[in-house]
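Each remark here refers to the structure printed beneath this line.
The values are calculated or read from the model by the stated rules, or taken from the named source; none is laboratory data. Because the structure is a prediction, the values reported are computed rather than measured. So basically every Cβ, Gly included, is an ideal-geometry build from the backbone, and we count neighbours across all protein chains shown. When the accessible area is computed, the model is the full protein with side chains, heavy atoms only, and any ligands, DNA or RNA have been set aside. Shrake-Rupley method; radii C 1.70, N 1.55, O 1.52, S 1.80 Å.
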Amino acid sequence: MPNGNVIRGARVGSGPERPPERYEPAPRQAVAYWCRNDHRVEILIAAEATPPPLWDCPRCGSPAGQDAQNPPGRARSEPYKSHLAYVKERRTDEEGAAILAEALADLRRRRGR
Ligand SMILES: [Zn+2]
C-alpha cells in the first residue's frame with residue numbers, strides 16, 4: 001500500500017503548539033515626541049525597534065520630533081530670498097542663459113529695424 005500521498009490529518013483541537021512566552025507582552029520602550037505647539041506625545045514601541053524620527057501629534061496633527069528644544073516645523077525664519085533667487089530655484093543656469101539669449105536677440109532685432 002503506497003504511503004507517500006497520505007495526508008496526515010491533524011486531530012481536531014490540536015493546534016500548533018506555541019511557546020508560552022508568545023502570550024507575554026513584548027518588551028516596550030516609551031518614546032516621547034514634542035510638536036511645535038509644545039504638545040508632548042509618548043508612544044510605546046517594541047523595545048528593539050528604532051523609534052521613527054517623526055510622529056504626528058495626535059492633538060494638532062503637526063509633526064513631532066524627539067528633540068523637545070527643537071521640534072520640527074517650528075516657525076523657522078525663512079532667509080530672505082530675492083526675486084532672482086526664486087527664479088534660479090525654478091530655472092537652471094542653462095535655461096536662464098537661453099532665455100537671456102532669446103531676449104537679447106529679440107532686443108537686437110527690434111533695434112536693428
Ligand atoms: Zn501638537
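State in Å² the accessible area per residue of the range 31-73; use a 1.4 Å probe, count heavy atoms of protein chains only, and round to the nearest integer.
On the way: 2660 Å² over 43 residues.
Result: 62 Å² per residue.
Compare the peptides 34-45, 87-98 by average per-residue count of other Cβ atoms within 10 angstrom and give them in order, highest first.
Working: 34-45: 15.0, 87-98: 10.8.
Averaged packing, sorted descending, gives the order 34-45, 87-98.
Using label points projected 7 Å from each Cα along Cα→Cβ, tell me how many nm separate residue 38 and residue 66, to one decimal.
2.4 nm
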